[in-house]
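Okay, structure first, notes after.
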Amino acid sequence: MPSQATAPSRPLHSLPPTTPKKPSKGFCSATTPRKRPSVYPGFVWASNLSQPSSVAQPQLPLALTMSTPPSPTSSQDETPAQPPSPSGSQNQVLTPRTMRAVMRGSGIPRTGLYGERARMQLTSEEREQRAEESARSRRERLYGVTTPHDVPTRDYFLGYTLYDIRDTKLVLSKHSRPFVKKSARALIQVAKPDGSGLRPLDHEHAIHIAVDPQAVDVQCLTQSMHGPYQTLRWRDMQAPSTVTLLQGQVRRSVSLQLTRHQTQEQVRLRNNESKILENPPHLQGDLPTVRQNIERLERAILPKTQWVAAVYSKGTAYATQTLIRTNHPSTAALITQQDASPAALLRLLSNNRIPPSPDSEDHTLSTLFSLAHQHGRDHTNLMLEYGSTLQPKHALASRALQSHGDDFLDFVIATRVSNQFAHFYTHSRRLITVQQHVWGLVAPIFWFMLKQLTYICSNASLEEPQQPASSEFRQRLFSSVNQPPDARYVSTRIANSLVRIADEAFNETLADHIRFVGTDSSEYLDAFDAYAKDLSATFRDCLQNLGSEDSEEAPLDERDAQVAQYAPTKLKYILEHQSAFRAEGCPSILGKVPLLSPMCATAMLDDWVSVADMLYIISNFFVPNLSLLKVPNANPKAPSSAPFTSYPSAIPFYLRYWLGYRSHPRWGQLQHGGVEEMLNGEHGEEEEAGSEVVDLAFYTLARSLWRRRETIIRPTQRVLAPPSLTKPSRSRDDQPGDPVFEENLKTAGQSFLHEWLVAITTQAKITQEHVSPRLHPSVPPHVLQSIQEWEQQNEEDRTLPLFQDLQSCCLNFLVSFTGPTNNRSHHSNALTSLYRERLFWQSVLPHLELLPSFASLLASMVEVVHRFSGLEHSPFWIELPDLPRTFDPVNEEYFHTLFVRRARDSRLEAYEKALKTFAKHLAKPNCLGVLPSDQPLPSVHPALRQVFDTLSQLATRISHQLSLVSHSLDLAEFPLLEEEWNDGSPEDEDDPSEPDPSHENALSNSVPFASISDLQDIYRQEEVVEARRRAGNYDDGNRTIDADAVDADYGTMQTLLSLRRAPSIQSNPE
């Protein structure tokens, strides 16, 4: 049976925070296959000569074809036109030299590709074509541009035409990005005042519009991107009411701005024309002149406002087809059909081809999330796949979200029920950080907040209850809120108004107190009451204005009016009374929860992200080997294969795994469906289902963490050095542990785990992929004997405790997450990560006496778990010391010397790095370096050794003094200014404007030294002198401070522990 191993006492290891490693920028990746050069008809690779020549070949690049480039409507399956074979051979080998020349775009070599044709002198037209293609290739490599044929928009493409952007029918798409003035200024500069650089007839700068295909005269459309183009015409009596501009907002604005004065003059002339026509015919003599001027202005305006337009369908004229067969959109309508491809619409809305004005990640993800909310999760993956073809950083963001966005990505998309959330978490790195480090703990609260918001803005009715505080009403409201949103109508218009008002009320009243949400802080509760009243009153007035005749906005339709009828009542009981959150079975926290809005949700999540290190430590307290998940969670190119991707999800995973341990007769035999049966199977009327027990236990633990975050968790994070999240397969110089022992774990330790695995497969008669540690949670006796014998032979005692810890591990350390083929590396990583985690806890446990509140928090969580039925025997791998129980806030003032020590070490580390760089430049032969005959590299002249030693001594003293000034709370501990710092300073002279002649040519004059007056402000000398005189240590000067600066024991946890004066030790049981 699993046993709780007592961790031996070890000194604290100061582990620096781990910086997430940037994704690899290698040429190949799992999601970005190596781009093999095109294989042209008539030529095969030398290594593929044995393959049939009938294999379909990719299309020729534009620079190597004599035919017209493919149109957007051409089928992908069409066979491209083949160039004439110079020798008649169909299997000429394409040599590396030939391929390099083709890939460089440097022209066709004299031999190889085209034979005799290649030796002919190129015409000027061919040279221009090659130069254009070469320039285009360089632009694509520079800006990461994708060709329009790489995305699935052919099925919606109608053709090219000329379109005047002055058309009053033209309206922006609701998904268009905000207008960027900087982009408009850049385009105006390129276009020049006369518009000569605008290039509106270049197909590369074509605007994208969507129209009803039934209304377009197809005779005016061309399928060739190179023209000739005709002006857009409508069918008789079928002109549409609107034309949707998908892409080209800045181009339209610039065109209108360049022609503004001419347009104003044209309007004036048209007004004159109308007035002249009102006169009798004999008084219309000026009419021909006015009309000539109007036509002249039109000829000047039209070349700047008439653009090549790629026309796409937005109607329902074509039948839709399935999306599953081809895995890409095959419908014919972009906007009005719900099952049309949002990936194609996203492509048309994206500007990834105009280098001066590419879409930002914020706009791209904002559009993607909005479309995903309309079309569902299945289309989200399609759009993320398209996003991987955008600019390099956008491609990486899309791949990362597709691999690691998970449940928080679903939540972010679901918030698009209101347009106010349009820019909520549209930064991929922030989104993934929340998912991996926070979301597993806070997800139940945030999902229920979103359900409450959706319920308020739905057509679900709610009458005033007779007993608002009754449990019956709370359960009824809780059930209504939990109903799927698809089962009712949700008013976007009401939701937009409510979320906007909630954000304003939060910003005015609650923002300064939101970090105390989930606590019993009286200041927070008072601010919340004012916030709730302000929000409710403003929302009620807003609904009255929306429904009134005096409102400037359109009146509410019938369904929105029904929503508005019950919305204030629902808001009252959800926000002010918190009735739904107080229902039985609901995830809840202490105090009151605000209404979900962008600023509120961001602030709440940011507060948890700021204590992510402590959340990881607490999660690791439940689940040993948690750092093993670093390997699958860190790969941005492939989805994680781990059982969960958010580190705090380890807590509910632990509860589900150990439910029924030692109490369910078949716990050790349950696999797959058996576990689900135990969680959700039949149970007595007075008994709770296993899943209900797990949920209730997790909600209780999460409630405790919300309550103690600001008083215990956050200050404890400042005290404890965070654990390392380095991959187990990698090591660093500052990584704690014994490298030799880790190598033994990768050999002998791996063989012991393999024996454990084989023992289970033999006993249970199953294959390795079905093995779980719960089939044999204890170390098999023969494996235990092998470990003991190995330790005796190698005089080692650290291996057996690791295997004892594995007996309390709920992660599958026997079979790799990706399958048995990777078991060997999986076993090595499991033991290495567990060894490093054990070292961390060995450094923490002896010092919990200084943090009794944190120790009490962990102990209380153990008691909470053991109070629930079926979890009474759940094992914990960490044995806590027996300390007095207290939940007093951690007093950070006691640890100020620890903070000073860390700041000093950080400054010295930066100093040493800068000094090494400085010395490297000094050592150059053309500076102050010498090159010994027996050394390959130059060295610094030895005459500077004493200068460097003196500089290092001063750096140690100054770094300690500056750290005291930054972190010490007692002015009596501040340093005093020293007289020698004033030497050579202009403040010493009678005339500060006159420099010291002795320093006139000194190099030090070029160094920006701080003045004494600056130091007096930084060191707060007037206050410090007075404080030190009161404390009686003024005459001591800086002698004690200088001694502390070189004291290796200053500010260490061991030194603080020896004092045993932590104020937080005072007992105050909860």
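Observations on the model:
- Flag if LEU831 is assigned by the TED database to the domain that holds LEU745, without any contact (Cβ under 8 Å) to a residue 40 or more places away in the chain, assigned to a helix (DSSP H, G or I) and buried (at least 16 other Cβ atoms within 10 Å of the Cβ): no
- Test result for GLY749, outside any helix (DSSP H, G or I) and either open to solvent by 60 Å² or more (accessible area, probe 1.4 Å) or over 27 Å from LEU871 (Cα atoms) (or both): no
- The residue that is nearest to the chain's Cα centre (by Cα), among those in the stretch 510-532 that are part of a loop (DSSP other than H, G, I, E, B) and not aliphatic (A, V, I, L, M), is THR519.
- Screening VAL758, VAL771 for residues that are in the same structural domain as ARG836 (by the TED database) and under 35 Å from the mean Cα position of the chain (by Cα) leaves exactly one candidate, VAL771.
- Those residues of the stretch 135-193 which are buried (at least 19 other Cβ atoms within 10 Å of the Cβ), part of a helix (DSSP H, G or I) and modelled with pLDDT of 65 or more, in sequence order: TYR156, SER183, LEU187, ALA191
- A residue that is over 30 Å from GLY660 (Cβ atoms) and among the small types (Gly, Ala, Ser) occurs somewhere in the stretch 851-867.
- Reported count of residues in the stretch 641-652, each being surrounded by fewer than 22 Cβ atoms within 10 Å (Cβ to Cβ) and either at pLDDT 90 or above or among the small types (Gly, Ala, Ser) (or both), is 2.
- The residue pairs whose first member lies in the stretch 780-804 and is part of a helix (DSSP H, G or I), whose second member is hydroxyl-bearing (Ser, Thr, Tyr) and open to solvent by 40 Å² or more (accessible area, probe 1.4 Å), and whose beta carbons are closer than 9 Å, counting only pairs six or more residues apart or on different chains, are SER786/SER751; PRO801/THR6; GLN804/SER3.
- Whichever residue in the stretch 476-509 is among the aromatic types (Phe, Trp, Tyr) and more than 27 Å from the chain's Cα centre (by Cα) and, among such residues, is most open to solvent (accessible area, probe 1.4 Å): TYR489
- Against the conditions (1) modelled with pLDDT of 80 or more; (2) within 30 Å of LEU1056 (Cβ to Cβ); (3) within 32 Å of the chain's Cα centre (by Cα), ASP738 satisfies every one except (3).
- Any pair with Cβ under 6 angstrom, 6 or more apart, that starts in the stretch 738-754 at a residue that is in the same structural domain as GLN785 (by the TED database) and over 16 Å from LEU839 (Cβ atoms) and ends at one that is among the hydrophobic types (A, V, I, L, M, F, W, C) and open to solvent by less than 20 Å² (accessible area, probe 1.4 Å): PHE752/VAL783; PHE752/ILE787
- Flag for SER461 being more than 27 Å from TRP608 (Cβ to Cβ), open to solvent by 40 Å² or more (accessible area, probe 1.4 Å), assigned to a helix (DSSP H, G or I) and hydroxyl-bearing (Ser, Thr, Tyr): no
- Filter result for the condition that a residue is touching a residue at least 40 places away in the same chain (Cβ under 8 Å) and open to solvent by less than 10 Å² (accessible area, probe 1.4 Å), over SER874, SER869: SER874
- Applying the condition of being more than 21 Å from the chain's Cα centre (by Cα) and assigned to a helix (DSSP H, G or I) to the stretch 427-457 and asking which residue is surrounded by the most Cβ atoms within 10 Å (Cβ to Cβ) yields ILE456.
- All conditions in (1) under 23 Å from SER491 (Cα atoms); (2) open to solvent by less than 30 Å² (accessible area, probe 1.4 Å) hold for MET614, with the sole exception of (1).
- Index of the failed condition, LEU928 passing every other in (1) modelled with pLDDT of 85 or more; (2) closer than 23 Å to ARG902 by Cα; (3) in contact with a His (Cβ under 9 Å, 6 or more places away or on another chain): (2)
- Only one of LEU365, LEU384 that is modelled with pLDDT of 70 or more, of a type in the set (A, V, I, L, M, F, W, C), under 26 Å from VAL499 (Cα atoms) and crowded, with 23+ Cβ neighbours inside 10 Å: LEU365
- Residue in the stretch 961-969 that is outside any helix (DSSP H, G or I) and open to solvent by 40 Å² or more (accessible area, probe 1.4 Å) present: yes
- All of ARG233, ARG252 fail the test of being surrounded by 17 or more Cβ atoms within 10 Å (Cβ to Cβ) and within 22 Å of VAL171 (Cα to Cα), apart from ARG252.
- Candidate set from the stretch 1008-1061 (those that are open to solvent by less than 50 Å² (accessible area, probe 1.4 Å) and charged (D, E, K, R)); member that is farthest from ARG957 (Cα to Cα): ARG1028
- Some residue of the stretch 520-543 being in contact with a strand residue (DSSP E or B) (Cβ under 6 Å, 6 or more places away or on another chain) and within 23 Å of PHE581 (Cβ to Cβ): yes
The values are calculated or read from the model by the stated rules, or taken from the named source; none is laboratory data. Note that this is a predicted model, so its numbers are computed, not measured. For neighbour counting, all protein chains shown are included, and Cβ atoms are generated from backbone atoms with ideal geometry for every residue, glycine included. Protein only, heavy atoms only, side chains kept; ligands, DNA and RNA dropped before computing areas. Shrake-Rupley method; radii C 1.70, N 1.55, O 1.52, S 1.80 Å.
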